[in-house]
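The values are calculated or read from the model by the stated rules, or taken from the named source; none is laboratory data. None of these values were measured; they are calculated from a predicted model. Reconstructed Cβ throughout: ideal geometry from the backbone, glycine too, with neighbour counts over all protein chains shown.
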Amino acid sequence: MKNIVLITGGARSGKSTYAEKLAKEEKGEVLYIATSIPFDDEMKDRVKKHKQRRPANWRTFEGYKNLKQVFYNEDMHFDTILLDCITIMVTNLMFDSAGDNFDDLNNEEIDTMESEILLEVSDFISEVEKSAKTTIIVTNEIGSGIVPEYKMARVFRDIAGRVNQYIASRAQEVHLVVCGIPIKIK
């Protein structure tokens, strides 16, 4: 496997299951980076199911910002990283930046927020590239539908789309998962 592998697809397409399969095929220790914040019962149940599916010997890091720190933590020994998922990470970073005031943001503030999010992602990708560890990144392909009605959703779609483009440009492999079937597109 190559250094960076991006797994993309729609909701419930089988992205995470496929990413986990790839990570299990790698030799050595796996670090699972979980970016979600389980804030309601639905998300808590989803996280529980993800945890049950993962091998018990995988290490887990829960967080969505300053992810480059995992490379400097002396207690973390791993050969492969599985980050699930970028779109949840982007959502969390957007809420950190804007709170509930999306409708009040002007274009300059949106551009600043996007720059900060891209910097967070590029800092992590730079550390991945320096480490030469196999890194599998899960994301959602969200730009295939209609233009969202609400400003927050449009801003999210645009930022997530550009983040996905950036990661795909740095990845050695990109797989699109549709109906549980992975298709290698790069």
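Quick notes on this one:
- Residue match in region 85-95 (condition: in a helix (DSSP H, G or I), hydroxyl-bearing (Ser, Thr, Tyr) and either closer than 19 Å to LEU22 by Cβ or under 15 Å from the mean Cα position of the chain (by Cα) (or both)): yes
- Region 129-165 - residue that is part of a helix (DSSP H, G or I), of a type outside the set (Asp, Glu) and more than 17 Å from ILE88 (Cβ to Cβ) and, of those, modelled with the highest pLDDT: GLN165
- Scanning region 166-186 for residues that are of a type in the set (D, E, K, R) and not in a helix (DSSP H, G or I) returns GLU173, LYS184, LYS186.
- Residue list for region 41-70, filter: among the hydrophobic types (A, V, I, L, M, F, W, C) and touching a Lys or Arg at 6+ places or on another chain (Cβ under 8 Å): none
- Looking only at residues in region 101-129 that are charged (D, E, K, R) and in contact (Cβ under 8 Å) with a residue 40 or more places away in the chain, the one that is surrounded by the fewest Cβ atoms within 10 Å (Cβ to Cβ) is ASP103.
- Hits in region 1-29 - residues which are in a helix (DSSP H, G or I) and more than 16 Å from the chain's Cα centre (by Cα): LYS21, LYS24, GLU25
- Search result, residues across region 138-166 that are more than 20 Å from ASP96 (Cβ to Cβ) and β-branched (Val, Ile, Thr): VAL138, ILE146, VAL147
- Count of residues meeting criterion [touching a His at 6+ places or on another chain (Cβ under 7 Å), surrounded by 13 or more Cβ atoms within 10 Å (Cβ to Cβ) and of a type in the set (Val, Ile, Thr)] in region 130-186: 0
- Residue identified as under 19 Å from TYR166 (Cα atoms), among the basic types (Lys, Arg) and either at pLDDT below 95 or surrounded by 14 or more Cβ atoms within 10 Å (Cβ to Cβ) (or both) among LYS44, LYS2, LYS49, LYS27: LYS2
- Pairs where the first residue, in region 30-51, is part of a helix (DSSP H, G or I) and the second is not acidic (Asp, Glu), C-beta under 7 Å, 6+ apart: MET43/SER36; LYS44/PRO38; VAL47/SER36; VAL47/PRO38; HIS50/SER16
- Residues located in region 38-71, provided they are under 13 Å from the mean Cα position of the chain (by Cα) and among the aliphatic types (A, V, I, L, M): LEU67
- Selection status of GLN69, part of a helix (DSSP H, G or I), over 30 Å from MET152 (Cα atoms) and modelled with pLDDT under 95: no
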